[in-house]
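Shown next, in structure tokens, is the structure this report addresses.
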Amino acid sequence: KKEGQLFTLDVPGLAEARPSVLRGDLIHITWRDTLYKGRVQMTRLLTVLIAMPRSFERQFNTSLDLVDVRFTFSRTTFRTSHIGVTQAPEK
């Protein structure tokens, strides 16, 4: 589905953190033998909102087309979390 400029994707198990998907994570979508890379913009209880390249947006039909999806962990989110922990005041 589309929600404004973003695509929505239902992710089974997201509410239980299986898989764990965070804002900023990369998503690899294979469609018609072409790999497209997007980025998770927001996570909800069972859905993620994804920004995809314009080339994908122009051609993809949300009501007809099927894709293969693979999430990858964003190292930036991981690094930011670790920086926050190291800079937090000790008790």
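Packing, taken as the mean count of other beta carbons within 10 Å per residue, orders the peptides 80-91, 49-60 from highest to lowest as 49-60, 80-91.
The length gained by stretching the chain between Trp31 and Arg18 to full extension, at 0.36 nm per residue less their Cα-Cα distance, is 2.3 nm.
In degrees between 0 and 90, to the nearest 10, how far off the longest principal axis of the chain does helix 75-87 point, with axes built from Cα atoms? Roughly 20 degrees, rounded to the nearest 10.
As a fraction of the 1.4 Å probe accessible area of the chain, surface on carbon and sulfur atoms comes out at 54 percent. Ignoring aspartates and glutamates fewer than eight residues from Lys2 along the same chain, the ones with Cα atoms less than 15 angstrom from its Cα are Asp10, Glu57, Asp65.
Equivalent-ellipsoid semi-axes for the chain (Cα gyration tensor, √(5λ), whole Å, largest first): 29, 14, 11.
The values are calculated or read from the model by the stated rules, or taken from the named source; none is laboratory data. Fair warning: this is a prediction, and the values are worked out from it, not measured in the lab. Reconstructed Cβ throughout: ideal geometry from the backbone, glycine too, with neighbour counts over all protein chains shown. Ligands, DNA and RNA are stripped out before the accessible areas are found, and what is left, the full protein with its side chains, is counted by its heavy atoms. Shrake-Rupley method; radii C 1.70, N 1.55, O 1.52, S 1.80 Å.
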